[in-house]
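Let me begin by presenting the structure, written as structure tokens, before commenting on it.
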Amino acid sequence: MMYQIRDLHLSLPDMTRKPILGHAPQMNILKGLSFDIPKGAVLGIVGGSGSGKSTLGRAMVRLLEPTAGQIMFDGKDISHASEDELRPLRKRFQMIFQDPMSSLNPRRRVGGIIAGPLRLHGVDVSGKVDEALEMVGLPRHFATRYPHELSGGQRQRVGIARAIALRPDFILADEIVSGLDVSSQAQVLNLLEELVRDLGLTLAFISHDLSVIRRLCSRVIVLRNGEIVEATETVKLFDTPQADYTKELLQAIPLPDPGQTWT
């Protein structure tokens, strides 16, 4: 297994409530999640706003430390690993963020953005930037451009190039097509499919949109209020959804035929 999540809990300070004795009250975000991600799988993590899906993603790549439970990455427990212990593993799991404009340094050229993680991990940069750009369908001369000179779809491709430059085993993609137009969405999803196939990646794809999950993922977990309400193969989810909340998400998908239903 690439990931084994067991009884995962995560609490964060609740800034909407008054501190008690100088301490912010805690808000339970993730409430006992358990699931596996096999190597080579493409898992969809879906849920509405506030369901905990992005918090789960950040915990999986240890941008957040869980309150309790276990995160096993390729057989190693990283639940409470120190930053020194995580450093050699970080190049094996990478994250693509939702908003490339805020996750790409506006003062750095594209080439420097992609080369940054390589240098951080002591990897020879020679040829790697051009290779990463080509793999995401961008010309080499884009290395000299700044993020603001690119379209939204091109910026997201730069974010993908930065993630794959280290040749990771696992990538977490957090709502990466939600801000793109339909044409750019399709192109980015096609690109992810190609990269999963060509690089042998394991992918977790976070989205609020089940139609996107259906297009890309073989399995899906549905989150609501920090809990898993359904976990199954994507085909089964659309054919025979079990949870009422899943049915609500399916009914929210726009359909070309007003008389058509998913269930």
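I'd like to check which strands (runs of 3 or more DSSP E) are fully inside segment 1-60 and have at least 2 residues that are hydroxyl-bearing (S, T, Y) and touching a residue at least 24 places away in the same chain (Cβ under 8 Å).
3-13
Within segment 178-200, count every residue that is among the β-branched types (V, I, T) and modelled with pLDDT of 90 or more.
Going through segment 178-200 one residue at a time, the tally reaches 2.
Just need a number here: residues in segment 88-120 that are among the basic types (K, R) and in a helix (DSSP H, G or I).
The number of residues fulfilling the criteria is 2.
Assess whether V182 counts as being surrounded by 20 or more Cβ atoms within 10 Å (Cβ to Cβ) and β-branched (V, I, T).
no
Restricting attention to segment 140-150, which residues are farther than 15 Å from I114 by Cα and free of Cβ contacts under 8 Å to residues at least 24 places away in the same chain?
E149, the sole residue that qualifies.
Just checking, how many residues over segment 206-241 are within 25 Å of Q94 (Cβ to Cβ) and of a type in the set (D, E, K, R)?
So the answer is 4.
Please give the number of the condition L86 fails out of (1) buried (at least 16 other Cβ atoms within 10 Å of the Cβ); (2) out of contact with any strand residue (DSSP E or B) (no Cβ under 9 Å at 6 or more places or on another chain); (3) of a type outside the set (S, T, N, Q); (4) within 29 Å of L56 (Cβ to Cβ).
(1)
Residues being assigned to a helix (DSSP H, G or I) and hydroxyl-bearing (S, T, Y): count how many of those fall in segment 136-164.
Number of matching residues: 1.
Report whether or not A132 is outside any helix (DSSP H, G or I) and crowded, with 21+ Cβ neighbours inside 10 Å.
no
For segment 151-173, what are the residues that are modelled with pLDDT of 95 or more and over 16 Å from I114 (Cβ atoms)?
Hits for segment 151-173 are D169, F170, L172, A173.
Please enumerate the residues belonging to segment 148-163 that are of a type in the set (A, V, I, L, M) and surrounded by 21 or more Cβ atoms within 10 Å (Cβ to Cβ).
Hits for segment 148-163 are V158, I160, A161, A163.
Could you list, in sequence order, the residues of segment 89-116 that are under 13 Å from A161 (Cα atoms), of a type outside the set (S, T, N, Q), touching a Lys or Arg at 6+ places or on another chain (Cβ under 9 Å) and buried (at least 18 other Cβ atoms within 10 Å of the Cβ)?
Selection gives M95, I96, P100, L104, V110, G111, I113, I114, A115.
Using the structure shown, decide if F142 is over 26 Å from L120 (Cα atoms) and out of contact with any strand residue (DSSP E or B) (no Cβ under 6 Å at 6 or more places or on another chain).
no
Residue check, F170 against (1) buried (at least 18 other Cβ atoms within 10 Å of the Cβ); (2) in contact (Cβ under 8 Å) with a residue 40 or more places away in the chain; (3) touching a helix residue (DSSP H, G or I) at 6+ places or on another chain (Cβ under 7 Å), all met but one. Which one?
Evaluating F170 over (1) buried (at least 18 other Cβ atoms within 10 Å of the Cβ); (2) in contact (Cβ under 8 Å) with a residue 40 or more places away in the chain; (3) touching a helix residue (DSSP H, G or I) at 6+ places or on another chain (Cβ under 7 Å) leaves (3) as the failure.
Go through (1) crowded, with 17+ Cβ neighbours inside 10 Å; (2) over 17 Å from the mean Cα position of the chain (by Cα); (3) of a type in the set (A, V, I, L, M) and name the single condition I71 misses.
(2)
The values are calculated or read from the model by the stated rules, or taken from the named source; none is laboratory data. The model shown is predicted, which means the values in this text are computed figures rather than measured ones. We place every Cβ from the backbone using ideal geometry, glycine too, and count neighbours over all the protein chains shown.
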